[in-house]
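Computed from the coordinates by the stated procedures, all read-outs in this text should not be read as laboratory data. Computed from a prediction, not measured in an experiment: that's the story for all the values here. We place every Cβ from the backbone using ideal geometry, glycine too, and count neighbours over all the protein chains shown.
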Amino acid sequence: MQRLELKEVNSTNLYCKENMAFLQDKTIVTAKKQTSGRGRFDRAWIDFGEENLFLSLVLKGSDGFLPVYSNLTQYMSVVLCHVLENYGLKPEIKWPNDVLIDGKKIAGILCETVMRGHEFKGLVLGIGVNLKANSEAVLQITDKKVTAVNLELNCEIDKEIFLNELLEEFFGRYDEFLKKGFHFVKTDYLRYANFLDKEVRVKVLSEIKSGLVKAVDNDGALVLENNGEEFILTMGDIIM
Ligand code: BTN
């Protein structure tokens, strides 16, 4: 596997998108510093310093865009939970793929598709994990609660070891995930899910849908019930 370690970059995802033509399948790109890290819905991803993980994986199948790619971020959220759990943490997933500890976000995942015209060129799966942050710095973020591994464990962990564990777990089961899809990780996903049977509001583009979470279906979509009506959401952000 190709591995690129960048000193400083605007965003590892952007770097991969711009260099997609030169990057092989399963290339691993990390950066010590991101000056313009992005999250879902174009939100900023804060850089808490070089001990944190800024990672993008380039994934190129030979069969064009596969429907299973829509569940890659959910697969990665389960992988992250397994790795964090092995450090003694109790991770939770907020649909679709936010990883939290005790309601505070510790990791985020952003998957982007690269097309040239109608031709599928590849995917960039970006992962940010807060491994080391200062307790004051996390409080500066006011739109959500945020934490980091060091703050939860009261000790620091090694970034390279964490990265290797993550890659081993992700690629170790990747081929099986591609064959079986979301169903392959559904039981684990639900074990970590912190939103089942809760009344939630979900921001879907500029609309808010509210209701009781009845299930996550076999495609990873969120099933909500409101006044006897059922809604199936394939994208959005839960505001609890
Ligand atoms: C989110 O929770 O909204 C997703 C955050 C994804 C952040 C990572 S950090 C590495 C990669 N580069 C980026 O610019 N974003 C992703």
Amide hydrogen neighbours beyond the local backbone of Met235, cut-off 5 Å, H modeled: none
Check which residues have an amide H placed less than 5 Å from Lys105's amide H, if you skip close sequence neighbours. Lys145, Val146, Thr147
HN-Hα couplings for region 63-80 via Karplus (6.51, -1.76, 1.60; θ = phi - 60°), in whole Hz with x for Gly/Pro, come out as 9, x, 6, 9, x, 4, 4, 5, 9, 4, 5, 6, 4, 5, 5, 5, 4, 4
First check a/c for region 143-182, with a ≥ b ≥ c the square roots of the eigenvalues of its C-alpha gyration tensor; if it is under 1.5, answer rounded, and if not, answer prolate when a/b is larger than b/c or oblate otherwise. oblate
Residue by residue through region 156-168, what is 3J(HN,Hα) from phi via Karplus (6.51 cos²θ - 1.76 cosθ + 1.60, θ = phi - 60°)? Round to whole Hz and write x for glycine and proline. 9, 10, 7, 4, 5, 5, 4, 4, 5, 5, 5, 5, 4
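Averaged over all directions, how much area does the convex hull of the C-alpha atoms of the chain cover when projected, in nm²?
Values: hull surface 52.1 nm².
Over every viewing direction, the Cα hull of the chain projects on average to 13.0 nm².
Using alpha-carbon pairs under 8 Å, 6+ residues apart, how would you state the relative contact order of region 1-148 in percent?
Working: 292 pairs, mean separation 34.5, N = 148.
Relative contact order of region 1-148: 23 percent.
Using the Kirkwood radius over Cα pairs, work out the Stokes-Einstein diffusion coefficient for region 1-94 at 37 °C and 0.692 mPa s, in µm²/s as a whole number. Each step should come with its number before you reach the end.
On the way: Rh = 14.8 Å.
Stokes-Einstein gives a translational diffusion coefficient of 221 µm²/s.
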Stokes-Einstein D (µm²/s) once Rh is taken as the Kirkwood radius of region 89-183 over alpha-carbon pairs, at 4 °C in 1.567 mPa s: 84 µm²/s
Along the positive direction of the dipole of region 82-240 (beta-carbon charges: Lys, Arg +1; Asp, Glu -1; about the Cα centre), which of Tyr189, Met235, Val129 reaches farthest? Met235
Dividing the surface of the Cα convex hull of region 106-240 by four yields a projected area in nm² of 11.3 nm²
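Determine how many Å³ per residue the convex hull of the Cα atoms of region 90-131 encloses.
On the way: hull volume 3.1 nm³, N = 42.
Here the figure is 75 Å³ per residue.
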Distance histogram in 10 Å bins (all Cα pairs of region 164-210, percent per bin): 21, 31, 29, 19
